[in-house]
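> What follows is a structure written as structure tokens; I'll ask about it next.
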Amino acid sequence: MKDNNVSGRYAQALYLLTQKYAAKDGQPLVPVLERTLEDLKGLAELVKPGSKAGAFLTNPQVSPAEKRRVLELGLKGRSMRTVEVFGDLLLRKKRLNLTAQITRDFETIVERAKGLQRAQVVSAVPLTQPELDRLHGELERTTGKKITITTLVDPTLLGGAYVRIGDRIVDRSVTTLLQAIAHKLFEVSV
């Protein structure tokens with residue numbers, strides 16, 4: 001949980017840096033955020049665990065100066081200057097291991113800036129397209145935002161579904177409803 005908090009702060013810092021960069025150059029924010037996100041994904045791919053660059057950059061026997069030089073060579077001319085500086089910051093703070101999570105957190109920030117919000121729908125069986133369309137329309141109407149839906153199937157739910165939007169959960173699964181009934185029956189019998 002602590003790393004998620006740290007990655008969120010780094011993602012927010014990159015957002016603020018990108019915002020300043022866009023304002024300084026008089027560019028619209030959303031396209032600059034989208035480009036930054038793509039470059040950040042490239043950085044995450046470059047430094048991911050198991051890659052040659054990732055192994056080199058986390059090797060304690062390699063000097064920090066050499067790591068910085070290699071990272072700079074890997075990013076220079078291939079990514080925005082903000083991502084180059086950000087990658088160097090992560091290297092100096094020994095936070096390159098958080099790059100994938102920072103990228104996910106930054107993607108959420110970019111989606112929010114674009115007026116999008118993610119919803120995860122977990123159901124007992126795959127939902128049909130008409131069911132998804134109806135749910136999508138209802139979620140957009142309820143939240144007042146553009147929603148992107150991802151779906152998962154969890155047979156342990158027995159039936160029904162639950163939806164997670166940000167930190168809100170709407171649970172209409174049979175399992176939860178049965179648990180609520182059992183709890184009510186227990187209260188009545190006592």
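The values are calculated or read from the model by the stated rules, or taken from the named source; none is laboratory data. Everything quoted here is computed from the prediction, not taken from an experiment. Here the Cβ positions follow ideal geometry from the backbone for every residue, glycine too, while neighbour counts run over all protein chains shown. Only protein heavy atoms, including side chains, enter the accessible area calculation; ligands, DNA and RNA are left aside. Shrake-Rupley method; radii C 1.70, N 1.55, O 1.52, S 1.80 Å.
This table checks each residue for (1) in contact (Cβ under 8 Å) with a residue 40 or more places away in the chain; (2) under 18 Å from the mean Cα position of the chain (by Cα); (3) loosely packed, with under 14 Cβ neighbours inside 10 Å.
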{"residue": "Lys20", "(1), (2), (3)": "no, no, yes"}
{"residue": "Asp25", "(1), (2), (3)": "no, no, yes"}
{"residue": "Thr36", "(1), (2), (3)": "yes, yes, no"}
{"residue": "Ala53", "(1), (2), (3)": "no, no, no"}
{"residue": "Asn59", "(1), (2), (3)": "no, no, yes"}
{"residue": "Pro64", "(1), (2), (3)": "no, no, yes"}
{"residue": "Leu98", "(1), (2), (3)": "yes, yes, no"}
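> Given region 71-190, what strands (runs of 3 or more DSSP E) lie entirely inside it while holding 1 or more residues that are farther than 30 Å from Leu57 by Cα and at pLDDT 85 or above?
By residue number, 116-123, 146-153, 160-165.
> Going through region 1-17 one residue at a time, which ones are surrounded by 14 or more Cβ atoms within 10 Å (Cβ to Cβ) and under 17 Å from the mean Cα position of the chain (by Cα)?
Scanning region 1-17 gives Val6, Ser7, Gly8, Tyr10, Ala11, Gln12, Ala13, Leu14, Tyr15.
> Only residues that are of a type in the set (A, V, I, L, M, F, W, C) and within 28 Å of Leu29 (Cα to Cα): list them for region 112-165, please.
The answer is Ala113, Leu116, Ala119, Leu139, Ile147, Ile149, Ile165.
> Give the number of residues within region 100-118 that are open to solvent by 40 Å² or more (accessible area, probe 1.4 Å) and within 12 Å of Val6 (Cα to Cα).
Adding up the residues that qualify gives 1.
> While we're here: When residues of region 139-159 are filtered for being open to solvent by less than 40 Å² (accessible area, probe 1.4 Å) and of a type outside the set (A, V, I, L, M), how many remain? First the steps, then the outcome.
Step one: filter region 139-159 for residues open to solvent by less than 40 Å² (accessible area, probe 1.4 Å), giving 139, 143, 147, 157, 159.
Okay, now just the ones that are also of a type outside the set (A, V, I, L, M), so 143, 159.
Total meeting the criteria: 2.
> Right, next: Residues of region 68-83 being open to solvent by less than 30 Å² (accessible area, probe 1.4 Å) and over 19 Å from Gln12 (Cβ atoms), which ones?
Within region 68-83, Leu71, Gly74, Leu75, Ser79 qualify.
> While we're on this one: Report, by residue number, each residue of region 57-79 that is among the hydrophobic types (A, V, I, L, M, F, W, C) and more than 20 Å from Asp39 (Cβ to Cβ).
Within region 57-79, Val62, Ala65 qualify.
> Would it be correct to say that Val30 is over 29 Å from Gly166 (Cα atoms), in a helix (DSSP H, G or I), open to solvent by 10 Å² or more (accessible area, probe 1.4 Å) and touching a residue at least 12 places away in the same chain (Cβ under 8 Å)?
Taking the combined requirement at face value, the residue does not satisfy it.
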